[in-house]
1. Taking Tyr8 as meeting all but one of (1) over 15 Å from the mean Cα position of the chain (by Cα); (2) at pLDDT below 95, write down the number of the exception.
2. Report, by residue number, each residue of segment 118-144 that is closer than 23 Å to Asn169 by Cα and open to solvent by 60 Å² or more (accessible area, probe 1.4 Å).
3. With respect to Ile48, determine if the residue is open to solvent by less than 20 Å² (accessible area, probe 1.4 Å) and either at pLDDT 95 or above or under 26 Å from Gly122 (Cα atoms) (or both).
4. Within segment 46-64, can you find the residues that are in a loop (DSSP other than H, G, I, E, B), farther than 12 Å from Gly7 by Cβ and among the acidic types (Asp, Glu)?
5. Taking segment 163-210 as the region of interest, how many residues are touching a helix residue (DSSP H, G or I) at 6+ places or on another chain (Cβ under 8 Å) and hydrophobic (A, V, I, L, M, F, W, C)?
6. Would you mind telling me which numbered condition in (1) closer than 23 Å to Gln217 by Cα; (2) of a type outside the set (Phe, Trp, Tyr); (3) open to solvent by less than 30 Å² (accessible area, probe 1.4 Å); (4) part of a loop (DSSP other than H, G, I, E, B) Leu80 fails?
7. Conditions first: (1) assigned to a loop (DSSP other than H, G, I, E, B); (2) open to solvent by less than 40 Å² (accessible area, probe 1.4 Å). Pro85 passes all but one, so which condition is the exception?
8. Restricting the search to segment 17-45, which residues are more than 13 Å from Leu1 (Cβ to Cβ), of a type in the set (Lys, Arg) and either touching a residue at least 12 places away in the same chain (Cβ under 8 Å) or surrounded by 15 or more Cβ atoms within 10 Å (Cβ to Cβ) (or both)?
Amino acid sequence: LVSVPSGYREYDLTTGKMLKDITIGEGIQSIVRLDNGHTFLASKRDIIELDGDDKVLATHTVNMGDFFRLLRINHDGNFLHTAGPTTVREIRPNGGIVREIDLAKITPESSKPYFAEQLADGNYLISTGFGATVLLVDQDWALIKSYGGKGKVEGVETHFFADAQQLKNGHVVVAHWSGHGRTDSQKAPQAIEFDQDGKVVWTWHDAARAGSLHGIQILE
């Protein structure tokens, strides 16, 4: 499942064959699929909700701001998105602001955060972008622990932490973006795995096979 500017596509993981190509809007840059089969597509201007047959159920007109990257939906059905140079926000489907957090108060190097996502246990995972940190915060958005940091990852020159995922064993894997240039993927590992103590247990670096990563999904 992947978003494209005009909508979204689905591919077969085994064959690579495209199974579905849905055109529904423009400027789409994030997608969420819920357990009930509904799909949410988000641009900087609005969030489109589709049912399991890809029919539009609702269009939520929301100003996501110039720093919007990924949409996520929490357990209450509210939307989570990056809203400013250092802020992450929770909003209701009608656009009303529930709360927001200034990541610079936790990690001063934070800049252009990438996403915030609520985990199964109710805590939240947040990527600080150029802060090169993934934060684990509680339901009140108070810091529990952090992973990475500028100049704090042994053997890795950290640049920008983008998409991340908490694994079943509690480890966190992050996509490590290192620049727009064609050769920037040579600078540093493209994926990093941290254990629950924040120590690096695995990295992946293959500049010949992939460029700088900003998205990652571990299949467990």
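The values are calculated or read from the model by the stated rules, or taken from the named source; none is laboratory data. Just so you know, these numbers come straight off a predicted model, no measurement behind them. In this analysis, Cβ positions are derived from the backbone assuming ideal geometry, glycine residues included, and neighbour counts consider all displayed protein chains. These area figures cover heavy atoms from the full protein model, side chains too; ligands, DNA and RNA do not enter into them. Shrake-Rupley method; radii C 1.70, N 1.55, O 1.52, S 1.80 Å.
1. So Tyr8 meets the others, but not (2).
2. Step one: filter segment 118-144 for residues closer than 23 Å to Asn169 by Cα, giving 118-128, 132-139, 141-144.
Matches in segment 118-144: Ala120, Asp121, Gln139, Leu143, Ile144.
3. Values: open to solvent by less than 20 Å² (accessible area, probe 1.4 Å): yes; either at pLDDT 95 or above or under 26 Å from Gly122 (Cα atoms) (or both): yes.
Against the criterion (open to solvent by less than 20 Å² (accessible area, probe 1.4 Å) and either at pLDDT 95 or above or under 26 Å from Gly122 (Cα atoms) (or both)), Ile48 qualifies.
4. Within segment 46-64, the subset in a loop (DSSP other than H, G, I, E, B) is 51-55, 62-64.
Still in the list and also farther than 12 Å from Gly7 by Cβ: 51-53, 55, 62-64.
Asp51, Asp53 - these are the residues of segment 46-64 that are in a loop (DSSP other than H, G, I, E, B), farther than 12 Å from Gly7 by Cβ and among the acidic types (Asp, Glu).
5. 2
6. So the condition that Leu80 fails would be (4).
7. It fails just one condition, (2).
8. The answer is Lys44, Arg45.
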